[in-house]
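Only one structure is covered here, and it is reproduced in the block below.
What follows draws every value from the coordinates through simple rules; no lab data is involved. For clarity, every value in this text was computed on a predicted model and none was experimentally measured. Note that each Cβ is placed from the backbone with ideal geometry, even for glycine, and that neighbours are counted across all protein chains shown.
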Amino acid sequence: MTTTRYTPKDLNGMTLKSLEQAATELGLTVTKNHSRAKRARLILDKYNELDLASSSDDPPSKDPLTLADPKPAFERLIDGSTMADAVGQGDTPPPQRGGVRPGAGRPEGMTDELAAFNRLSKIPHPAIKATLQSLFSAWAARTCDDVRLTEPEAIDLALSWTNTLELVGVAQRIPLWTQVVLCNLWTTFNIVAKKRTIACNAAAARQAAQAAQQVTVN
């Protein structure tokens with residue numbers, strides 16, 4: 001039976017089903033675990049095997065699929081990212097060299113949402129934590145110091161906001177310089193607020209002493 005002989009370019013553009021049919025015509029057996037690259041490689045190897053088995057009296061083959069001419073572009077192609085194409089069409093890629101690593105891949109039954117949830121940070125983003133502390137410190141300066149966030153409160157609140165912003169893709173885009181600037185602002189604000197409180201208390205004490213001295217004189 002005469003079979004169609006395909007070039008590497010032809011094989012690269014064929015579907016999984018077409019590659020399976022071409023392999024079957026050559027007497028090869030493929031399974032769903034064979035990716036497009038693997039199927040193309042099997043077909044090319046079979047072509048080379050048939051060429052080597054040909055009679056030595058035959059004239060040299062002029063077919064572009066002979067083993068003599070290397071195909072670097074196609075070699076890079078089938079060794080590269082073709083596995084992702086096969087997975088996208090429902091096939092399971094073959095295990096990597098050395099077998100499947102224990103615990104590799106997403107656990108069975110885990111959805112994209114659950115996987116994203118498991119990747120959330122366990123510590124708050126420094127910039128988010130500094131921002132929240134600054135807001136509550138500003139509030140405390142206008143009311144009372146008890147409004148200011150304690151360290152555990154700041155961590156819990158900042159972590160929840162960090163996870164929320166991670167899920168919507170915002171936290172990952174906060175640049176490093178923003179963290180540094182906000183930390184500097186937070187430190188500066190704290191020091192200024194404490195000194196302002198000390199200054200206000202000193203002024204109040206001074207006024208009270210002056211008032212008491214006037215009462216004594218009178």
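So the values come out like this:
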{"item": "Region 167-218 shape via C-alpha gyration tensor axes, a/c threshold 1.5", "result": "prolate"}
{"item": "Centroid-to-centroid separation of region 28-57 and region 150-171 [C-alpha atoms, Å]", "result": "56 Å"}
{"item": "Dipole moment magnitude, nearest 20 debye, region 118-217 about Cα centre, only Lys, Arg, Asp, Glu C-beta charged", "result": "260 debye"}
{"item": "Fully extended contour minus Cα-Cα distance, from N163 to Q210, at 0.36 nm per residue", "result": "11.5 nm"}
{"item": "Total formal charge among the other residues, if their Cβ is under 15 angstrom from that of K129, Lys/Arg +1 and Asp/Glu -1", "result": "-2"}
{"item": "Relative packing of 9-16, 198-205, which averages over residues the other C-beta atoms within 10 Å, highest first", "result": "9-16, 198-205"}
